[in-house]
1. Would you mind telling me which numbered condition in (1) within 20 Å of A:Phe200 (Cβ to Cβ); (2) assigned to a helix (DSSP H, G or I) A:Glu138 fails?
2. Consider only pairs whose beta carbons are under 9 Å apart and that are at least six residues apart or on different chains; among these, list those whose first residue lies in the range A:18-33 and is without any contact (Cβ under 8 Å) to a residue 24 or more places away in the chain and whose second residue is open to solvent by less than 100 Å² (accessible area, probe 1.4 Å) and among the polar types (S, T, N, Q).
3. Find the helices (runs of 4 or more DSSP H) located wholly in the range B:345-462 whose residues include 1 or more that are within 13 Å of ligand 3 (Cβ to nearest atom) and open to solvent by less than 10 Å² (accessible area, probe 1.4 Å), and list them.
4. Pick from the range A:118-138 the residues that are within 10 Å of another protein chain (Cβ to nearest Cβ) and farther than 27 Å from A:Ala87 by Cα: which of them is least open to solvent (accessible area, probe 1.4 Å)?
5. Which one of the conditions (1) within 30 Å of B:Gln49 (Cα to Cα); (2) more than 10 Å from every other protein chain (Cβ to nearest Cβ) does A:Arg38 fail to meet, given that it meets all the rest?
6. Which residues, counting only those in the range B:85-94, are in contact (Cβ under 8 Å) with a residue 24 or more places away in the chain and within 13 Å of chain A (Cβ to nearest Cβ)?
7. Please go through the range B:69-84 and pick out each residue that is touching a Phe, Trp or Tyr at 6+ places or on another chain (Cβ under 6 Å), of a type outside the set (S, T, N, Q) and within 15 Å of B:Pro374 (Cα to Cα).
8. Just for the range B:114-138: of the residues that are among the hydroxyl-bearing types (Ser, Thr, Tyr) and more than 14 Å from chain A (Cβ to nearest Cβ), which one is nearest to ligand 2 (Cβ to nearest atom)?
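The values are calculated or read from the model by the stated rules, or taken from the named source; none is laboratory data. In this text, all values refer to a predicted model and were calculated from it rather than measured experimentally. Cβ sites come from the backbone with ideal geometry, for glycine too, and all protein chains shown count toward neighbours. Please note that ligands, DNA and RNA were not included when accessible areas were found on the heavy atoms of the full protein model with its side chains. Shrake-Rupley method; radii C 1.70, N 1.55, O 1.52, S 1.80 Å.
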Amino acid sequence: MYELLTGPLLWLVFAISFGGLLVRVVLYFKGLSQQLDRVAYKAHLSYGLKGAFNSIISWLNPVGARAWRKKPGYTFIFFAFHIGLLATPIFLAAHNIMLQENLGFSLPQMPAFFADLLSWTVIVACVAIILRRIALPEVRILTTAYDYLLLVITVAPFVTGLIARYQMGDYQFWLLAHIITGEIWLLCLPFTKLSHCVLFFCSRAQLGMDYGIKRGGLKGSTFSW
Amino acid sequence: MPQGELCNRKPIVTDEQLKLTLSDKSGKKYYAEMLELDVDTNALWATIQKTMKARLKTWLEICAHCGMCADSCFLYQVNDCVPEQVPSYKIQSTLGHIVKKKGNVDNEFMRHCMKVAWSQCTCCNRCGMYCPHGIDMGVMFSYLRGLLYSQGFVPWELKIGSGMHRVYRAQMDVTTEDWVETCEWMAEETEEEWPGLTIPVDKQDAEIMYTCNAREPKHYPEDLAEAAVLFHVAGTNWTVPSEGWEQTSLSMFAGDWECCKDNVNHVYDAIERLNPARVTGTECGHAHRATVIEGPYWAGREDGLPPKPYIHYVEWLAEALREGKLKIDPAKRIKEPVTLQDSCNYVRNQGLKDVTREIISYIVEPGYFVEMAPNKEHNYCCGGGGGFNGIGMYREQRNVALRKKMDQILDTGCKLVIAPCHNCWDAIRDLEEEYEIGIRWSFLKPLIIGMLDIPEGMRVEW
Ligand code: SF4
Ligand code: SF4
Ligand code: SF4
């Protein structure tokens with residue numbers, strides 16, 4: 001079972017997940033329409049790219065956008081959640097051992113203590129996000145069961161991973177659970193709203209181009225996000 | 001009953017139909033008919049499939065439901081932060097629902113959408129700046145308005161507005177003759193005081209072609225006269241076209257995209273016909289957005305630009321002051337606290353934020369200019385944008401919407417507000433009427449004329 005899940009099946013999952021995300025990016029850009037979107041993407045490409053870059057950078061920086069600065073509490077939770085979510089699986093020692101065994105290379109690894117901390121961060125941040133969804137009327141009205149489901153799918157690999165790591169209960173069972181939940185998460189990336197992991201960049205770039213071209217860029221005014 | 005006599009899916013294209021719709025006081029019959037109007041669900045879905053591209057689809061899909069956009073919207077703020085005013089909720093529960101149902105929605109739902117689209121969003125594009133994904137509800141609501149318009153679910157005034165544009169190519173029934181007569185009349189009147197002043201119609205190869213807002217010839221012809229005075233004093237070789245002089249677009253607010261295209265082409269034709277070096281329009285935000293920022297796309301222009309450089313009035317004015325073509329008498333500068341309304345339509349939509357402040361630096365005594373907070377691209381809508389000002393049925397909601405601007409102005413402590421946008425000007429006027437906070441408001445033209453340092457002999461004093 002373990003061999004299957006971490007062998008051929010894992011590769012299939014990777015192929016579907018990353019291939020799928022790539023398709024989403026390609027479809028996004030192919031589906032833009034200068035006339036319907038009212039942005040001359042091609043005619044002012046250099047202005048557009050400048051705007052796109054500005055927009056993406058501003059939002060990847062927790063103090064780069066006015067919206068982030070105005071809500072420091074949520075911004076902190078949000079960034080903690082996303083950093084943990086991305087960094088932990090990539091730099092986790094155990095994952096890199098697998099990588100080494102399969103492909104003969106590995107990425108820098110982080111100390112176990114740090115990985116634990118990040119995993120806990122993801123879980124705590126997720127709880128905070130859920131509480132926020134329930135507590136604030138302006139978020140509650142937007143929230144659907146789908147939003148909760150996605151949160152569950154997203155933290156499940158972390159919960160199962162930690163249980164396995166602390167060897168609580170049956171290790172083999174939790175390890176398998178960890179692998180399966182992780183693969184489910186990967187499979188969901190291209191097909192659900194989780195696709196925002198790449199579409200965020202597309203959408204930000206697109207709006208950045210809009211601002212960088214007709215909404216100010218051509219008039220020489222830099223736009224402060 | 002499928003289609004009403006007044007309320008239906010057909011645009012108004014004849015004068016007769018226009019008059020008929022106009023004669024229906026406050027749209028009583030029109031709205032009664034709307035209750036019965038059928039939704040052509042097939043056509044609705046077909047339109048969505050054809051026009052809803054990657055950007056909008058993705059926006060609907062990836063909205064994180066995080067609520068970050070909530071308090072970016074002034075309508076959310078002034079309506080006691082009711083969750084129904086959260087930008088994301090407003091669009092997801094209208095456009096989002098229509099898309100989810102593949103266009104299969106009923107009359108009641110469409111009327112609900114109409115209410116949200118025209119009374120809960122002014123297309124001010126502010127929320128887009130506060131959403132981590134860059135989801136711009138102003139853009140999405142414009143799209144939704146287009147869908148609603150195509151099905152006949154549009155407020156009475158805007159159906160008429162876009163009908164006016166279709167029939168007269170102006171937002172009011174100003175014909176070519178009316179317009180040219182007004183130009184002649186204003187030139188005559190003004191010439192008494194400003195010898196040699198003319199309003200040249202259809203002059204070839206001028207430095208500047210001037211376009212305006214049909215409400216000016218119709219209701220405030222002095223605005224045209226003021227523009228003429230400033231061009232005259234600045235020694236500008238200018239002209240107005242006899243056709244294609246109207247640059248506003250109520251059709252843009254109505255979501256009548258076909259009409260938008262026709263109108264803007266009419267203005268571009270005038271540019272091509274008269275071949276001026278540049279074009280400028282009046283102090284109007286939405287007219288500028290329609291003709292200069294969005295218009296090129298309606299017209300299908302690849303580079304997204306009008307046929308000739310087309311600047312907003314504030315740009316022309318700043319330039320004339322900078323180059324000394326217009327001189328301000330330092331003694332006449334404004335010496336009282338004064339604030340400035342940043343129009344979303346040319347600030348958030350074209351970045352013209354510094355140029356207005358440059359004008360301020362010439363006309364206000366240092367130390368008297370007070371910024372609103374927030375300002376520039378973060379400024380709030382005046383409260384009456386996107387057609388909101390003109391829709392009788394939503395007057396009450398509009399009056400609530402004005403409160404944000406009222407608070408912003410009160411916070412500056414100023415009694416004078418400069419509003420170089422027709423619609424903002426109207427909203428601020430209504431704001432004073434409604435709440436009586438004791439303010440005055442002004443376009444730039446009359447202010448500047450009052451401050452000019454005029455060369456000897458140019459003006460006849462009476
Ligand atoms: S801020 Fe953006 S992603 Fe968040 S709810 Fe609003 S529209 Fe959706
Ligand atoms: S565009 Fe303006 S009015 Fe409309 S939802 Fe966004 S912030 Fe509110
Ligand atoms: S009327 Fe003025 S402030 Fe209001 S939306 Fe239009 S441009 Fe913005």
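1. (1)
2. Listed by first residue and then by second, the contacts come to A:Gly31/B:Thr58; A:Ser33/B:Thr51.
3. Where helices (runs of 4 or more DSSP H) fall fully within the range B:345-462 and carry at least 1 residues being within 13 Å of ligand 3 (Cβ to nearest atom) and open to solvent by less than 10 Å² (accessible area, probe 1.4 Å), they are B:354-363, B:395-412, B:422-435.
4. Start the filter on the range A:118-138 by keeping residues that are within 10 Å of another protein chain (Cβ to nearest Cβ), which leaves A:129, A:132-133, A:136-138.
This time we only want the ones that are farther than 27 Å from A:Ala87 by Cα, so: A:136-138.
On the way: A:Leu136: 62, A:Pro137: 56, A:Glu138: 38 Å².
Applying the filter and picking the extreme gives A:Glu138.
5. Of everything listed in (1) within 30 Å of B:Gln49 (Cα to Cα); (2) more than 10 Å from every other protein chain (Cβ to nearest Cβ), A:Arg38 misses just condition (2).
6. Answer for the range B:85-94, where residues must be in contact (Cβ under 8 Å) with a residue 24 or more places away in the chain and within 13 Å of chain A (Cβ to nearest Cβ): B:Gln85, B:Pro87, B:Ser88, B:Lys90, B:Ile91, B:Gln92.
7. Residue satisfying the conditions is B:Phe74 alone.
8. Only one residue tops the list, namely B:Thr122.
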